[in-house]
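*Asks:* Quick one: this structure, given as structure tokens, is what I'll be asking you about.
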Amino acid sequence: MGMGVENLARRVNAASGGRLKIKVYGGGELVPAFEVFDAVSRGTVEMGHDASYYHKGKLDAAQFFTSIPFGLNYLELNAWLYYGGGLDLWRELYAPFNLVPIPCGNTGVQMGGWFNKEINTVADLVGLKMRIPGLGGEVLRRAGGTPVTLPGAEIFTSLQTGAIDATEWVGAYNDVAFGLHKAAKYYYYPGWHEPGPGLETMINKAAWDSLPPDLQAIVETTCQAITTDMVAEYTHGNAYALEQLIDDPDVELRPFPRDVINLLKSITADIVAEWVAKDPAAKNIADSYYAFLEKSAYAQQVTEQAYLDIRS
Ligand code: CA
């Protein structure tokens, strides 16, 4: 995922003829990975790259702009952000923090994750210890499981030693690179918890205002290009990584049973309803998000989904 932001820096530099240079630091180099929001807000750095669902606890409503379980897919998230008022709501939400958010990257629908226990019925979720962040983790907890949060670097060992029963990460492309197929047998799909997570670039308001309009346009247009580029790279990489997994005798790909999905979906609806009832900022965004989802669900069914069904 770090390649997206390296690409952003390189392309902005090229498109601006060297007038705007972005220097990329990894998580922990300048500030800890989970403190990017505060660092850009304070102006310690002028720009940051992140996923807005990591601001959970500080700014819960921001989760809508990354991913919501059973929510918008990649195509729909972009539709809502650029044409459905989503980006305006995002900018409003971040304005009190002196931050200008710009969508920048998307992984497409993720995979359900790597499991060392079979999930055949809803009872198999009870006691399941799984690395799964955010709202998805809360859903698992209510289904009887134990969600844990682990930084990427600790996932493989935790799964291999049995400290956790399961983990989600991204999709085949990233998961194979991480070696997760060597630490678990069952690869479940689809990623109900992250149907098309979008990443963000955050820019400190003062730094943004100091840019002339042409450089602002270069940054916004390049961020949009990075989203397209990342989806292209992931779609390509996932296809080849999945082929490798299908050929691996130690790995079994499985869909989640329908009963399990139905339970997770109904818990998600309960959790979102309870959350937005007590969080006015989330309610405002949720109203817009779900109004679009409701319209789009049918359109997706008779276009993308119908086409994929006849092709398979
Ligand atoms: Ca994930």
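Read-outs throughout are calculated quantities, based only on the coordinates presented, and are distinct from any laboratory measurement. Source: prediction; values computed, not measured. Here the Cβ positions follow ideal geometry from the backbone for every residue, glycine too, while neighbour counts run over all protein chains shown.
*Asks:* Give me the percent of DSSP beta bridges within the chain that run antiparallel, rounded to the nearest 5.
*Replies:* Just about 60 percent of them are antiparallel.
*Asks:* Hey, another quick one. Write out the GluC sites (Glu not before Pro) in segment 232-312 meeting two conditions: DSSP loop, and at most 10 other Cβ atoms within 10 Å of their Cβ.
*Replies:* Loop-located and lightly packed - none at all.
*Asks:* Also: Give the shape of the chain as rounded, prolate or oblate, defined through the alpha-carbon gyration tensor: a ≥ b ≥ c are the square roots of its eigenvalues, a/c under 1.5 means rounded, and otherwise the shape is prolate if a/b is larger than b/c and oblate if not.
*Replies:* In terms of gyration-tensor shape, prolate.
*Asks:* Something else now. Could you pull out the pairs from K185/K283; K56/K205; K58/K117; K56/K117; K21/K58 whose alpha carbons sit more than 32 Å apart here?
*Replies:* On the way: K185/K283 40 Å; K56/K205 21 Å; K58/K117 34 Å; K56/K117 29 Å; K21/K58 30 Å.
Result: K185/K283; K58/K117 exceed 32 Å.
*Asks:* Something else about it: Cα centroids of segment 82-99 and segment 43-61: how far apart, whole angstrom?
*Replies:* Each part reduced to its Cα centre gives a spacing of 13 Å.
*Asks:* Next question. For the residues D209, D124, D248, D175, what sequence is obtained by ranking on other C-beta atoms within 10 Å, fewest first?
*Replies:* D209, D248, D124, D175
*Asks:* Another question, if that's okay. ³J(HN,Hα) across segment 210-215 via Karplus (A = 6.51, B = -1.76, C = 1.60, θ = phi - 60°), whole Hz, x for Gly/Pro?
*Replies:* 7, 7, x, x, 5, 6
*Asks:* Rounded, prolate or oblate for segment 239-312? Axes are the square roots of the Cα gyration tensor eigenvalues, ordered a ≥ b ≥ c, and the cut-off for rounded is a/c under 1.5.
*Replies:* Numbers: a/c = 2.70, a/b = 1.70, b/c = 1.59.
Judged from the Cα gyration tensor, segment 239-312 comes out prolate (a/c at least 1.5, a/b above b/c).
*Asks:* For R19, which sequence-distant residues (separation of 5 or more, or a different chain) have an amide H within less than 5 Å of its own amide H, given hydrogens modelled in the peptide plane?
*Replies:* none
*Asks:* Listing L159, L242 from the residue with the fewest other Cβ atoms within 10 Å to the one with the most, what is the order? Please list the in-between numbers first.
*Replies:* Values: L159 27, L242 19.
By the 10 Å Cβ count, ascending: L242, L159.
*Asks:* Let me ask you something else. Quick check: the angle from helix 2-15's long axis to the longest principal axis of the chain, C-alpha only, nearest 10 degrees?
*Replies:* The helix 2-15 is inclined about 30 degrees to the chain.
*Asks:* Also, quick follow-up: I'd like the Karplus ³J(HN,Hα) series for segment 278-290: coefficients 6.51, -1.76, 1.60, θ = phi - 60°, whole numbers in Hz, and an x wherever there's a Gly or Pro.
*Replies:* With the stated coefficients, segment 278-290 comes to 10, 10, x, 5, 5, 4, 4, 6, 4, 4, 5, 4, 6 Hz.
*Asks:* Per residue of segment 98-106, what does 6.51 cos²θ - 1.76 cosθ + 1.60 with θ = phi - 60° give for ³J(HN,Hα)? Whole Hz please, x for Gly and Pro, Karplus curve as stated.
*Replies:* Result, ordered by residue: 6, 10, 10, x, 9, x, 7, x, 6 Hz.
*Asks:* Mind running the shape call on segment 43-82? Use the C-alpha gyration tensor, a ≥ b ≥ c as the square roots of the eigenvalues: rounded below 1.5 for a/c, prolate if a/b tops b/c, oblate otherwise.
*Replies:* Oblate shape, in that a/c is at least 1.5 and b/c is the bigger or equal ratio.
*Asks:* Please arrange I155, I310 by how many other C-beta atoms lie within 10 Å of their C-beta, fewest to most. Intermediate values should be presented prior to the final figure.
*Replies:* Working: I155 21, I310 7.
The most exposed by this proxy come first: I310, I155.
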